[in-house]
1. Name, by its number, the condition in (1) at pLDDT below 95; (2) farther than 20 Å from Ile176 by Cβ that does not hold for Ile30.
2. If Ile3 passes every condition in (1) more than 18 Å from the chain's Cα centre (by Cα); (2) more than 23 Å from Gly135 (Cβ to Cβ); (3) at pLDDT below 95 but one, which one does it miss?
3. Looking only at the range 55-62, decide whether some residue is closer than 16 Å to Phe119 by Cβ and not basic (Lys, Arg).
4. Which residue out of Phe66, Phe81 is surrounded by 17 or more Cβ atoms within 10 Å (Cβ to Cβ) and either more than 28 Å from Tyr36 (Cα to Cα) or over 18 Å from the mean Cα position of the chain (by Cα) (or both)?
5. Take the residues of the range 84-102 that are modelled with pLDDT of 95 or more and either basic (Lys, Arg) or within 21 Å of Gln249 (Cα to Cα) (or both): which is surrounded by the fewest Cβ atoms within 10 Å (Cβ to Cβ)?
6. For the subset of the range 227-247 comprising residues that are in contact with a strand residue (DSSP E or B) (Cβ under 9 Å, 6 or more places away or on another chain) and among the charged types (D, E, K, R), which member is surrounded by the fewest Cβ atoms within 10 Å (Cβ to Cβ)?
7. Kindly establish whether Glu38 is farther than 19 Å from Glu185 by Cβ and either at pLDDT 90 or above or touching a Pro at 6+ places or on another chain (Cβ under 7 Å) (or both).
8. Where residues in the range 233-249 are touching a Lys or Arg at 6+ places or on another chain (Cβ under 7 Å), of a type outside the set (Gly, Ala, Ser) and outside any loop (DSSP other than H, G, I, E, B), which of them is farthest from Pro57 (Cα to Cα)?
Amino acid sequence: MRIGTIIPAGFFLLPLTLTAQSEFETAPEIEYEMIYVEGGEFLMGDLFFEHNPDALPVHRVRLDDFYIGRYPVTFAQYDEFARLKSYTLPAEWQKQRGDRAVVDVSWNEALAFCESLGFRLPKETEWEYAARSGGKVEMFSGTNIRDSLHYYVHFRYNSPPVSRTVGTKKPNGLGIYDMSGNVYEWIGDWYMQYQGDPIRRVYYPIEEKDLRVIRGGSSFQLPFTIRTYWRVYTFRHNRSREIGFRCAQ
C-alpha cells in the first residue's frame with residue numbers, strides 16, 4: 001500500500017506528568033504527560049485475520065516496564081521546541097495549531113524533540129503493546145467493535161483530513177489517547193519484516209537504513225489502516241500532513 005511516500009508494510013497504570021527542562025538554560029519548561037506501562041509478554045502481529053503478510057508471523061514478545069506519552073505531541077509543544085532550536089516551524093493546513101497533533105515533522109526532528117526532554121521515540125513493540133491496552137487482543141486502540149470507532153478514533157468517516165485536537169476521543173484501557181487514528185506516529189525502529197525467529201532476528205544499526213516505521217493510521221485513513229497491528233513505513237526525511245509522533249522512556 002502506498003500513500004504519497006508512505007508505504008505499507010496484564011498491565012499496571014500509573015498516570016504521571018513528566019515536566020522536562022529543555023537543553024537551553026533560558027527555555028521555559030515544556031510539559032509532556034507520560035503513562036507508566038508495566039511490561040509483560042504478548043503476541044504481536046495480525047492475530048485477527050492472519051492475512052496481512054506485513055504483520056506476520058505472529059510472535060511472542062517480552063517487554064520491560066516503560067513510559068509512553070498519554071497524547072501525541074502537539075503543535076504548541078513542538079513549536080516551542082522549534083523556535084528554541086531555530087528549526088522551521090511545521091507547515092499548517094488550518095489556522096488553529098495549539099493542541100492539535102503536530103504534523104509535517106521528519107523522523108529526525110521528532111527524535112530531536114524527544115531527546116531534548118530526556119525521552120526517545122517508542123519501540124515498535126512498545127507502541128503495539130500500549131496501543132492494545134497492555135497487550136490485550138484489541139483490533140483498534142480501546143475497542144474491538146467497529147460500530148464504536150466514532151467514540152475512540154479520528155478517521156476518514158468522522159473527521160476532516162487534518163490532524164485533530166488530541167484527547168478529544170475516548171482513551172484506551174491504559175488511559176492513552178489517539179493511538180488509532182488522528183495522525184500516524186513515528187517509531188524509533190528501522191523497518192524490517194516479521195520473519196524467522198524474532199529472538200535471533202538481526203537488527204542493522206539504525207543509521208545505515210533510511211526506512212522508519214509509522215503506526216496508528218490517521219484522520220485520512222479507512223478503518224483497516226488504523227488497526228493496532230497495521231504496519232507502514234516511510235523514509236525518515238519524509239514530512240507529511242498525516243505523520244506526527246509521541247515520546248517514550
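1. (2)
2. (1)
3. Within the range 55-62, not a single residue is closer than 16 Å to Phe119 by Cβ and not basic (Lys, Arg).
4. None of the other options fit; the residue is Phe81.
5. Arg100
6. Among those that are in contact with a strand residue (DSSP E or B) (Cβ under 9 Å, 6 or more places away or on another chain) and among the charged types (D, E, K, R), it is Arg236.
7. So Glu38 fits the description; yes.
8. Top of the filtered list is Thr234.
The values are calculated or read from the model by the stated rules, or taken from the named source; none is laboratory data. Bear in mind that the values here come from a model prediction, so they are computed numbers and not experimental data. For neighbour counting, all protein chains shown are included, and Cβ atoms are generated from backbone atoms with ideal geometry for every residue, glycine included.
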